[in-house]
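What follows is a set of notes on a single structure, which appears directly below.
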Amino acid sequence: QIIQPTSISEVKLPPFARPIVSLIENHFVIRDKKSYDALLLRNLTINNIFKFNVHSDHNTIYVPVYEEGELVQWVGRKVVRNNPPVDYFKTDKNQRYYYQPGAKIGDYFLGWSEVKLWENVTLVENSFVSIWLRNHFNCSTNFGSRLTNTQIEKIVKSKIKYIILMWDSSAQDTMIQAVNKLKKGGIRTCRIKLPGNSQPDNFSILELIKWQKEAYKNILNKIDFYEA
């Protein structure tokens with residue numbers, strides 16, 4: 001079956017999805033405790049969850065993706081509802097993340113309305129990781145381990161001057177490709193090689209802050225690689 005492309009105006013959150021956190025009379029109200037607890041384990045805060053308008057239904061958490069105030073896509077992740085383990089997120093080897101069929105994800109960044117105004121940006125692969133790290137330095141996600149030409153064009157046309165790539169350690173080849181493309185566009189870039197077979201949320205925030213700062217120093221010295 002061929003899925004016809006979806007226009008941006010047709011992108012909608014699933015019908016039973018509701019905000020996990022609402023603001024009522026200047027107080028936060030948690031509407032889905034299980035999903036809220038799952039996100040706390042991923043280092044998000046109640047302010048993060050509200051700011052990014054994170055939704056949930058009976059078995060999935062949704063992170064909406066907006067561009068110029070318009071919903072352009074969402075990222076879904078299933079959660080375990082009964083007797084959850086330490087990590088609530090269910091891993092499906094065939095599909096870990098869900099998106100609206102027919103709508104693009106590779107054209108966007110999470111929170112682009114803010115990101116495009118920053119001078120330096122660190123990019124990670126995962127939505128939840130990017131929201132967590134945004135508490136500590138300028139961070140967003142490009143939704144995976146590659147940058148599309150559309151994403152690179154957006155960066156080049158924005159106020160961004162420096163990009164740090166903190167993708168999973170398995171993404172070295174695609175990081176090198178992204179670094180080369182960004183450099184051609186005049187964006188000074190550094191990729192971080194994380195230790196072992198890992199991803200950013202395998203490490204403490206103090207380690208990640210240290211590595212981000214070291215990578216930024218390398219950018220200023222025109223070095224495009226940092227090994228953590």
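Every read-out reported here was derived from the displayed coordinates using simple, explicitly stated rules and does not represent laboratory data. For clarity, every value in this text was computed on a predicted model and none was experimentally measured. Here the Cβ positions follow ideal geometry from the backbone for every residue, glycine too, while neighbour counts run over all protein chains shown.
Numbers below:
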{"quantity": "Flagged links, alpha-carbon separation over 27 Å, of 78/183; 12/183; 181/213; 51/222; 104/213", "calculated": "78/183; 12/183; 51/222; 104/213"}
{"quantity": "The chain: most fluctuating residue of 49, 164, 30 per GNM, C-alpha cutoff 10 Å", "calculated": "30"}
{"quantity": "Reduced Cα scattering model of the chain, Debye log10 I(q)/I(0), q = 0.14 Å⁻¹", "calculated": "-0.92"}
{"quantity": "Net charge over other residues, Cβ less than 10 angstrom from the Cβ of residue 18 (K, R count +1; D, E count -1)", "calculated": "-1"}
{"quantity": "Stretch in the chain that is longest and holds no GluC sites (Glu not before Pro) that DSSP places in a loop and that have at most 14 other beta carbons within 10 Å", "calculated": "120-228"}
{"quantity": "Max mean-square fluctuation residue, GNM over the chain, Cα-Cα springs under 10 Å, options 176, 187, 24", "calculated": "24"}
{"quantity": "Helix 172-184 vs. the chain, principal-axis angle (Cα, 0 to 90°, nearest 10)", "calculated": "70"}
{"quantity": "Computed E for residue 27/residue 209 - FRET, C-beta separation, R0 41 angstrom, nearest 0.05", "calculated": "0.85"}
{"quantity": "Local electrostatic count at residue 160 - Lys and Arg +1, Asp and Glu -1, tallied over other residues with Cβ under 13 Å", "calculated": "+3"}
{"quantity": "Karplus-derived HN-Hα couplings along the stretch 129-143 (A = 6.51, B = -1.76, C = 1.60, θ = phi - 60°), whole Hz, x at Gly and Pro", "calculated": "5, 5, 5, 4, 5, 5, 5, 10, 7, 5, 9, 8, 10, 9, 6"}
{"quantity": "Environment charge of residue 180, counting only residues whose C-beta is closer than 13 Å and scoring Lys/Arg +1, Asp/Glu -1", "calculated": "+4"}
